[in-house]
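The values are calculated or read from the model by the stated rules, or taken from the named source; none is laboratory data. This structure is a prediction, so every number in the text was calculated from the model and none was measured. Note: ideal-geometry Cβ built from the backbone for every residue, glycine included; neighbour counts use all protein chains shown. What goes into the accessible areas is simple: the full protein's heavy atoms, side chains included, and nothing from ligands, DNA or RNA. Shrake-Rupley method; radii C 1.70, N 1.55, O 1.52, S 1.80 Å.
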Protein chains: 2
Amino acid sequence: MTNKLKYAIGIDLGGTYIKLGIVTDSGKIVKKVVVDTMAQKGPDVIIAQIKKGIKELLDGNKLKIHAIGVGCPGVISTKRGTVENPPNLPGWDRVNLVKILEKATGKKVYIENDANAAAIGEYMFGAGKKYNSFVMITLGTGVGGGIILKRKIYRGEFGAAGEIGHITIDYKGPKCNCGSYGCIETYIGNHYLVDRIKKELSGRKSIIKKLVHNDLTKLTPKTICEAAKAGDSFAQEVVKEMGVYLGAALASISNVLDIGIFIIGGGVSGFGKPLFDAIEENARARVLTPLRKRIKVIHAKLKNDAGIKGASALVFYK
Amino acid sequence: MTNKLKYAIGIDLGGTYIKLGIVTDSGKIVKKVVVDTMAQKGPDVIIAQIKKGIKELLDGNKLKIHAIGVGCPGVISTKRGTVENPPNLPGWDRVNLVKILEKATGKKVYIENDANAAAIGEYMFGAGKKYNSFVMITLGTGVGGGIILKRKIYRGEFGAAGEIGHITIDYKGPKCNCGSYGCIETYIGNHYLVDRIKKELSGRKSIIKKLVHNDLTKLTPKTICEAAKAGDSFAQEVVKEMGVYLGAALASISNVLDIGIFIIGGGVSGFGKPLFDAIEENARARVLTPLRKRIKVIHAKLKNDAGIKGASALVFYK
């Protein structure tokens with residue numbers, strides 16, 4: 001039976017690590033390798049690192065590899081196969097990663113923005129399997145988004161679509177790294193969230209300070225999550241507020257895209273049911289009536305190695 | 001040469017009037033008829049009015065009519081040909097207007113949401129001719145939207161996409177008719193705009209009061225426009241503010257859809273260059289960097305009878 005399976009290589013090209021895996025067509029990782037990105041050393045070194053990772057991965061391999069999928073930050077031209085100015089990989093102007101890796105491996109290479117790859121991963125292997133259309137949101141340092149519409153990734157005109165993190169929920173809100181104001185990322189992106197909580201904590205009763213042994217530099221979203229789960233009312237308020245923020249953003253997105261399903265993954269999604277309930281409740285209350293009953297906010301299924309699985313899904317999705 | 005032209009009937013089904021026209025495939029209206037909608041009398045009477053309008057239109061007609069296009073408020077199922085709960089046409093639950101009109105006329109009938117029809121109209125005959133993708137926004141009592149992506153109308157999953165008016169720009173902003181808060185419609189929809197200006201006027205120096213002979217019930221967006229054009233600094237501030245509001249909404253839309261072109265029509269768009277410049281400037285300042293140079297905010301070209309032309313465009317677009 002095993003030899004009926006198809007295998008792909010999934011490569012998750014991050015700012016710190018390159019994670020590579022051999023993945024089955026049902027999304028199981030057979031072998032995994034992690035190498036340093038060495039992002040500061042520029043594209044040539046990064047490409048050498050990718051090749052090194054592939055070599056390690058294929059060392060002693062007897063499985064027939066179908067093709068290679070790469071998930072990568074930044075704007076990707078899937079047509080040209082280029083990666084353009086990825087934010088965490090300095091020195092890349094426009095690199096034709098597809099050509100380079102196809103030449104190095106002799107395999108077909110697919111490349112996609114990492115947020116889109118995550119959406120395709122959930123669609124092929126995860127919580128998105130049973131839906132024709134959904135928006136995938138990854139909550140982390142940034143807030144990433146990928147849109148699946150009628151079983152296809154929605155890329156927009158030039159491949160930069162789905163930047164959910166930069167939906168404004170308050171046009172005069174906090175300044176965002178992107179240059180705008182009040183983007184949803186400035187409310188729930190890890191750093192912004194932690195910074196805001198630090199400020200709001202002063203004068204409030206909360207076990208958060210105890211959890212970080214009075215050292216607020218140690219505060220992370222996880223601490224807030226722990227505190228909320230322990231019944232801390234301040235932390236629970238924070239979670240509810242996050243639901244208000246995300247609910248407003250999701251309603252705007254639904255009204256424009258006519259998509260009601262949202263799959264949420266990434267670190268902050270670990271806040272669990274109270275957060276998901278709050279998001280769904282707020283989104284449903286705000287969206288136009290015909291969409292209301294279609295709003296569903298659900299957990300992403302791919303957790304560990306979602307990046308590798310999403311990248312490999314690019315192969316099977318084609 | 002004339003007999004090489006194709007002709008369509010365009011029907012603009014509004015809450016007060018039904019406007020019908022015979023239109024050439026270059027968007028010229030050859031003949032036009034207007035009948036009362038009699039919306040309060042329910043679907044049967046409205047349908048009888050449509051048929052009456054078509055009869056008048058075809059009276060003495062010698063042109064070969066290709067097919068019929070209908071633009072209609074509400075959620076349209078283009079597959080089923082039904083109109084579902086249009087907000088200004090009480091008593092319609094779900095009416096299969098396509099079937100009814102095809103039976104009555106023997107012609108093929110196309111139906112589309114009026115905002116989408118407006119977008120298709122601009123795409124076929126107007127300012128959208130030279131673009132592959134754009135978002136059409138109609139500023140009026142409501143704020144309507146239609147999305148053209150890669151030369152096709154973007155309908156979303158079930159045909160309700162493009163509700164630009166209900167993008168939130170401030171999650172704790174003014175209450176919207178739709179039930180949400182801070183939708184862009186609550187800032188620039190005609191009634192909301194006029195109501196806000198009435199309040200803000202008190203204690204401000206402005207020629208607006210003189211223009212309405214001190215009777216603020218006579219205040220319309222047109223008055224504000226006139227005052228701004230006459231150099232009234234309060235009215236000019238209002239126009240700039242409208243640019244801030246719309247700019248924020250457009251940037252959110254661009255970031256999600258990856259579309260940079262916006263075509264704006266409808267009454268309020270009569271504010272002209274100062275408004276368009278303000279919208280473009282704000283949208284460009286707020287959108288993600290790779291999209292910045294692609295942001296363009298331009299005037300709709302179809303003005304009078306845009307509804308008829310848009311509806312007829314449904315025929316030629318197919």
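The table for this structure:
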quantity	calculated
Within the stretch B:221-318, helices (runs of 4 or more DSSP H) holding 3 or more residues that are in contact with a helix residue (DSSP H, G or I) (Cβ under 8 Å, 6 or more places away or on another chain) and not acidic (Asp, Glu)	B:221-229, B:233-257, B:273-286, B:306-317
Wholly within the stretch B:98-208, helices (runs of 4 or more DSSP H) carrying at least 1 residues that are surrounded by fewer than 22 Cβ atoms within 10 Å (Cβ to Cβ), of a type in the set (Lys, Arg) and without any contact (Cβ under 8 Å) to a residue 12 or more places away in the chain	B:190-201
Residues of the stretch A:50-64 satisfying the condition of being out of contact with any helix residue (DSSP H, G or I) (no Cβ under 7 Å at 6 or more places or on another chain) and either surrounded by fewer than 19 Cβ atoms within 10 Å (Cβ to Cβ) or not assigned by TED's automatic domain parsing to the domain that holds A:Val109 (or both)	A:Lys52, A:Lys55, A:Glu56, A:Leu58, A:Asp59, A:Gly60, A:Asn61, A:Lys62, A:Leu63, A:Lys64
Residue in the stretch B:10-23 that is open to solvent by less than 80 Å² (accessible area, probe 1.4 Å), under 21 Å from the mean Cα position of the chain (by Cα) and over 25 Å from B:Gly159 (Cβ atoms) present	yes
Complete set of residues in the stretch B:150-171 that are within 7 Å of chain A (Cβ to nearest Cβ) and touching a Phe, Trp or Tyr at 6+ places or on another chain (Cβ under 9 Å)	B:Ala161, B:Gly162, B:Thr168, B:Ile169, B:Asp170, B:Tyr171
Positions within the stretch A:172-191 being facing chain B (nearest Cβ under 9 Å) and of a type in the set (Ser, Thr, Tyr), in sequence order	A:Ser180, A:Tyr181
Check on B:Val45, of a type in the set (A, V, I, L, M), open to solvent by less than 70 Å² (accessible area, probe 1.4 Å) and in a strand (DSSP E or B)	no
Given (1) within 14 Å of chain B (Cβ to nearest Cβ); (2) in contact with a Leu (Cβ under 7 Å, 6 or more places away or on another chain); (3) closer than 25 Å to A:Gly307 by Cα, number of the condition A:Val194 does not satisfy	(1)
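A quick yes/no check of all residues on (1) surrounded by 24 or more Cβ atoms within 10 Å (Cβ to Cβ); (2) within 13 Å of chain A (Cβ to nearest Cβ); (3) in contact (Cβ under 8 Å) with a residue 12 or more places away in the chain; (4) in contact with a strand residue (DSSP E or B) (Cβ under 8 Å, 6 or more places away or on another chain):
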position	(1), (2), (3), (4)
B:Val256	yes, yes, no, yes
B:Gly267	no, no, yes, yes
B:Gly272	no, no, yes, no
B:Phe276	no, no, yes, yes
B:Ala283	yes, yes, yes, yes
B:Arg286	yes, yes, yes, yes
B:Arg292	no, yes, no, no
